[in-house]
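Below: the structure, in structure tokens.
Taken together, the values in this text are just the output of simple stated rules run on the coordinates, not laboratory data. Model, not experiment: these values are computed from the prediction. All Cβ positions, glycine included, derive from the backbone under ideal geometry; neighbour counts span all protein chains shown.
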Amino acid sequence: TAELGLRGGDLDFTALPPQIAEPLRKAPGITVIEQPGIANVWLGINVEKPPFNDIRVRQAIGLALDPDQMVLAGYNGHASRARALIMPQVLGYWDAAPAPKRDVAAAKKLMADAGHAAGFRARITVQSQPVYQTMALVARAQLAEIGITLEVEAQDAGSFFSSGKGDAGKALDLFLIRFSGKLDPNFLAQWFTTSQIGTWNWQRWSNPAFDELLDQGSAEL
């Protein structure tokens with residue numbers, strides 16, 4: 001809708017994802033301005049819901065996925081893979097953070113060890129926007145190699161941002177979510193605390209040590 005409004009002259013300005021904005025560079029009367037952002041996009045897993053409550057299953061998913069391919073497909077080379085929670089522009093960036101390589105064989109072994117050698121069915125919930133749907137399709141193809149049959153559920157923004165809230169979030173399997181960043185590491189990290197379960201911690205992950213460290217790091221004399 002935004003693209004058509006821009007092309008038709010009904011809009012003077014709009015923000016568009018790279019895969020839609022890129023072809024507009026050749027459109028008459030339109031100027032494309034590319035600006036880097038500090039948003040995070042990640043694939044979350046509901047750690048409370050079986051079989052994802054088994055860390056071996058989550059590790060298998062991590063090894064089966066290729067984040068570089070997902071980002072390339074979703075952003076056409078206009079975004080980079082994140083290796084840690086804090087991005088390079090922000091205080092606290094972990095320059096030496098590891099970037100694990102895809103290892104399908106190791107992922108299959110973990111699945112077998114967890115009792116899921118035959119695989120299982122799961123759902124990934126995303127916003128109905130090309131960037132997220134494209135990345136979800138890459139994830140679906142890659143997870144199929146370890147026996148996980150992934151259904152892609154695309155929702156409008158209103159439905160999507162309600163899907164992880166309160167008790168409704170207990171039904172999530174996997175999801176792709178975006179959070180706009182700020183130049184404040186506390187802002188970026190606070191969504192993963194125990195108190196955010198049912199609000200923005202859709203992973204439903206809880207670690208008291210993390211909560212305490214974040215509190216300590218959020219204070220100064």
Practice problem: Quick one: Lys170 ticks every box in (1) farther than 27 Å from Ala79 by Cα; (2) out of contact with any Asp or Glu (no Cβ under 8 Å at 6 or more places or on another chain) except a single one, so which number is it? | Solution: (2)
Practice problem: For Pro98, indicate whether it is exposed (fewer than 14 other Cβ atoms within 10 Å of the Cβ), of a type outside the set (A, V, I, L, M, F, W, C), in a loop (DSSP other than H, G, I, E, B) and touching a Lys or Arg at 6+ places or on another chain (Cβ under 8 Å). | Solution: yes
